[in-house]
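Q: Have a look at this one before I ask anything.
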Amino acid sequence: MNRAPATAKLNLALVVGPLRDDGRHEVVTVLQRIDVVDRVAIERAETLQVDGFADDTLVRAALTTLAEAAGVEPRWKARIWKHVPVAAGLGGGSSDAATALRLANETLEQPLPPKGLRDLSATLGADVPFFLTAGPQLGTGTGTELAPLELPQDYWIVLLLPSDARKSSTADVYEDFDRRDGGAGFEQRRADLDRALAAARRPRDLAALPPNDLASSPHSEKLLQLGAFRADLSGAGPTVYGLFLHRGPALAAERELRPHGRTWLTVPTWYG
């Protein structure tokens with residue numbers, strides 16, 4: 001049985017434009033892996049089976065899609081050890097799917113080439129291709145067009161999944177974005193993001209990234225008060241992150257936030 005970690009991610013920035021002709025939104029997002037992980041294992045089997053996480057749909061869909069593309073039967077047994085919270089804006093399901101794709105592809109007599117695997121992954125969800133890459137990436141288009149970024153990695157991250165958060169569906173979040181004409185000024189916000197990325201040399205430079213276009217949280221302000229140099233929602237939320245220069249203040253902030261929900265102290269990571 002081949003086993004690998006499936007890391008979570010942060011959207012360090014998320015700039016969203018108006019609806020495209022295909023009914024999806026133009027986005028520009030900064031994607032960063034973090035050291036909060038699920039574990040996924042794959043082995044050959046007589047039939048397709050996914051154990052360990054009863055609510056899984058993405059791993060099963062990924063393996064079925066891979067089998068169709070490879071012209072084989074989906075004969076794998078997958079096991080998921082779930083630690084990344086579900087529907088939290090951290091990409092856990094997408095990471096599980098990408099990891100399962102990679103491991104299952106390695107078992108094929110004729111594996112798909114890397115580009116073929118990436119193209120296939122884009123049909124499963126906007127975040128899935130990112131988890132087949134290494135290092136931070138700039139996602140454009142629908143988020144699936146990726147370009148590597150050179151960003152500082154030497155900082156600490158505090159995550160808060162608030163206990164009072166009510167997770168809206170991603171579709172509902174985008175509908176609310178459209179109702180308030182959130183796409184107006186997209187080109188200017190994208191230019192602001194490009195300038196901030198070009199100037200990012202030290203961790204504190206990440207504070208200049210524009211805020212999340214889709215949603216905000218009062219817990220971001222609390223993290224800033226506790227010493228974070230940047231705080232925002234990841235993706236469509238509801239997880240809030242704070243970036244800290246030093247472990248001591250980050251650990252103190254994580255402890256301070258524990259009464260408000262589930263918390264983690266973690267760091268950026270380059271690959272799963």
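Q: Modelled label-to-label distance, Arg166 and Thr142, 7 Å Cα→beta-carbon offset: nm?
A: Output for this residue pair reads 3.0 nm.
Q: Return the percentage of antiparallel bridges among DSSP beta bridges fully within region 21-86, rounded to the nearest 5 %. Display every interim value, and only then the final one.
A: Details: 6 of 9 bridges.
Bridges in region 21-86 that DSSP calls antiparallel: roughly 65 percent.
Q: Now for a different question. If we count chymotrypsin sites (Phe, Trp or Tyr not before Pro) as exposed when they sit in a DSSP loop and have at most 14 other beta carbons within 10 Å, what is the longest stretch of the chain that avoids them all?
A: My reading of the result: 1-269 is the longest stretch.
Q: Give the carbon-plus-sulfur fraction of the accessible surface of region 1-134 in %, rounded to a whole number; probe 1.4 Å, heavy atoms of protein chains only.
A: Ligands and nucleic acids excluded, carbon and sulfur reach 46 percent.
Q: Roughly how many Å² is the accessible area per residue of region 1-116, as a whole number, for a 1.4 Å probe?
A: Here the residues of region 1-116 average 44 Å² of exposed surface.
Q: Excluding ligands and nucleic acids, what accessible area in Å² is computed for Thr107 using a 1.4 Å probe, to the nearest 10?
A: 30
Q: Rg/Rh for the chain: what does it come to with C-alpha atoms and Rh from Kirkwood?
A: For the chain, the value is 0.97.
Q: Between Arg79, Arg180, Arg102, which gets the highest mean-square fluctuation from a Gaussian network model of the chain, Cα cutoff 10 Å?
A: It is Arg180.
Q: Set Lys and Arg Cβ to +1 and Asp and Glu Cβ to -1, take the dipole of region 1-82 about its Cα centre, and tell me which of Val37, Leu10, His25 lies farthest positive.
A: Val37
Q: If you stretched the chain out fully between Arg44 and Glu256, how much longer would it get, using 0.36 nm times the residue separation minus the C-alpha to C-alpha distance?
A: 71.7 nm
Q: Explain nothing, just the number: dipole magnitude of region 38-187 about its Cα centre with +1 on each Lys and Arg Cβ and -1 on each Asp and Glu Cβ, in debye rounded to the nearest 20.
A: 360
Q: Excluding residues fewer than 8 places away in the same chain, name every one of the aspartates and glutamates whose C-alpha is closer than 20 Å to that of Lys77.
A: Within the straight-line limit of under 20 Å, Lys77 reaches these aspartates and glutamates: Asp38, Glu43, Glu46, Asp51, Asp55, Asp56, Glu68, Asp96, Glu106, Glu109.
Q: Follow-up. Give me the accessible area of Leu108, 1.4 Å probe, in Å² rounded to the nearest 10.
A: 20
Q: Among the aspartates and glutamates, which have Cα under 14 Å from the Cα of Lys115 when same-chain residues fewer than 8 positions away are ignored?
A: Reachable aspartates and glutamates: Glu145.
Q: Of the heavy-atom accessible surface of region 142-232 (probe 1.4 angstrom), what whole percent is carbon and sulfur?
A: Of the solvent-accessible surface of region 142-232, carbon and sulfur hold 48 percent.
Q: How many angstrom lie between the C-alpha centres of region 131-149 and region 187-207?
A: Region 131-149 and region 187-207 have Cα centres spaced 16 Å from each other.
Q: OK, next. Which whole-number value in Å² is the accessible area per residue of region 121-217, probe 1.4 Å?
A: Counting only protein heavy atoms, the per-residue value for region 121-217 is 50 Å².
Q: What percent antiparallel are the DSSP beta bridges of the chain, to the nearest 5?
A: In the chain, DSSP labels about 95 percent of beta bridges as antiparallel.
The values are calculated or read from the model by the stated rules, or taken from the named source; none is laboratory data. What you see is a predicted model, and the numbers here were worked out from it, not measured in a lab. Glycine gets a Cβ as well: all are built from the backbone with ideal geometry, and neighbour counts include every protein chain shown. For accessibility, only protein heavy atoms count, side chains too; no ligands or nucleic acids. Shrake-Rupley method; radii C 1.70, N 1.55, O 1.52, S 1.80 Å.
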